[in-house]
Amino acid sequence: MCGIVGIVGSQPVAERLVDALKRLEYRGYDSAGVATLDHGVMDRRRAEGKLFNLEKKLSEQPLPGNIGIAHTRWATHGVPNETNAHPHFVDGVAVVHNGIIENFSELRDELLAQGAVFTSQTDTEVVAHLLNHYRKSGMDPKAAMLAMLNRITGAYALVVMFIDAPQTIYAARFGPPLAIGYGKNEMFLGSDAIALSPFTNEITYLVDGDFAVVDGSGAEIFDYNG
Ligand code: GLU
């Protein structure tokens, strides 16, 4: 087990994301990372080991932005190092994932044959490449998410940002828990209500097969047929 947090809001998010990850430390992890989007720039900090290491990087090189996603990783595919830590980035797509993509090897072969270049050993990276592939073929972020969700099998909580959708976070759940938190002009995502407790006590838990589109004013929840 491990943790996910996301915030789409009206105030800087990086510090609040890491604070929320601290409340998920009880779930165990071996590395951590955070990504934000600010004025068309998507950037991230990642670190092996304890959240203290991530905080140190963030204090040396802060991440601006009012929208972001964060992750504590418990490695299942690939060693626990910075390169394998989430968020995974492919061409303006940022992905954090808890769980296992069971058909990652077949998807990776397919994506490699199309010219994708993989930079980590994780199963998660196929999700970012698949989304990039569908975006490049002309789909908007929501359609790309639905197409991706209809290709992957396994267990996952997934939270995604797209560089060209700077006010929206996309999420899906099949297995590991994921909750949406409702704030004032801000919305939150987290592995559980404890992670989100300082932000809000209004929570919706996603159920298996839910896909959510979350922006600063609310959330819409769909099934995988949209
Ligand atoms: N399977 C993914 C990985 O190894 C996610 C692990 C997790 O749940 O943190 O990176």
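In the frame of its principal axes, the chain has Cα extents of 44, 35, 33 Å, reported largest first.
Where only DSSP H runs of four or more residues are counted, the chain gives -6500 deg cm²/dmol as its mean residue ellipticity at 222 nm, each run worth -39500 (n - 2.57).
When only Cα pairs below 8 angstrom with a gap of at least 6 residues are kept, the range 1-136 shows a relative contact order of 25 percent. Net charge dipole, the chain: roughly 340 debye, given to the nearest 20, about the Cα centre with Cβ charges of +1 for Lys and Arg and -1 for Asp and Glu. A simple spin-label model places pseudo-atoms 7 Å from Cα toward Cβ; at V207 and I163 they are separated by 3.8 nm. Kirkwood analysis of the range 67-128, using all unique Cα-Cα pairs, places the hydrodynamic radius at 12.0 Å.
Which three numbers, in whole Å and largest first, are the semi-axes of the equivalent ellipsoid of the range 3-121 derived from its Cα gyration tensor as √(5λ)?
Values: eigenvalues 117, 61, 29 Å².
They are 24, 17, 12 Å, listed largest first.
Would you mind classifying the range 132-226 by shape? Square roots of the alpha carbon gyration tensor eigenvalues, ordered a ≥ b ≥ c; an a/c under 1.5 is rounded, otherwise it is prolate if a/b is larger than b/c and oblate if not.
Values: a/c = 2.34, a/b = 1.42, b/c = 1.65.
Because a/c hits 1.5 or more and a/b fails to exceed b/c, the range 132-226 counts as oblate.
Rounded to the nearest percent, how much of the accessible area of the range 67-226 (1.4 Å probe, protein heavy atoms only) is carbon and sulfur?
On the way: 3190 of 6320 Å².
Carbon-and-sulfur percentage of accessible area, whole number: 51.
Length gained on full extension, F222 to Q61: 54.2 nm, using 0.36 nm per residue less the C-alpha separation. Look at the dipole of the range 108-177 built from charges on Cβ: of S137, I163, P177, the Cα furthest out on the positive end belongs to P177.
Per-residue SASA remark: E106, around 110 Å² accessible (1.4 Å probe; ligands, DNA and RNA not included). Within the shell of other residues whose beta carbon sits under 14 angstrom from the beta carbon of L146, the net charge comes to -1, with Lys and Arg scored +1 and Asp and Glu -1.
Pair-distance distribution P(r) for the range 75-204, from all Cα-Cα distances in 5 Å bins starting at 0: 2, 11, 20, 22, 21, 13, 8, 3, 1, 0 percent. Counted residue by residue at 0.36 nm each, then reduced by the alpha carbon distance between them, the extension gain from A155 to K184 reaches 7.3 nm. Within the same chain, lysines fewer than 8 places from K50 are excluded, and of the rest, those with a Cα less than 26 Å from its Cα are K22.
Taking F174, F162, F118 as the candidate residues, the one with maximal mean-square fluctuation in a Gaussian network model of the chain, Cα springs under 10 Å, is F118. Per residue, the accessible area of the chain comes to 41 Å², computed with a 1.4 Å probe over protein heavy atoms only.
Remark on the range 6-56: hydrodynamic radius 11.7 angstrom, per the Kirkwood mean of 1/r across alpha carbon pairs. Label sites at V117 and H77, each approximated as a point 7 angstrom past Cα along Cα to Cβ, lie 2.1 nm apart.
The values are calculated or read from the model by the stated rules, or taken from the named source; none is laboratory data. In this text, all values refer to a predicted model and were calculated from it rather than measured experimentally. Cβ: placed from backbone, ideal geometry, glycine included. Neighbour counts: every protein chain shown. For the accessible areas, the whole protein counts, side chains as well, though only heavy atoms, and no ligand, DNA or RNA atoms are used. Shrake-Rupley method; radii C 1.70, N 1.55, O 1.52, S 1.80 Å.
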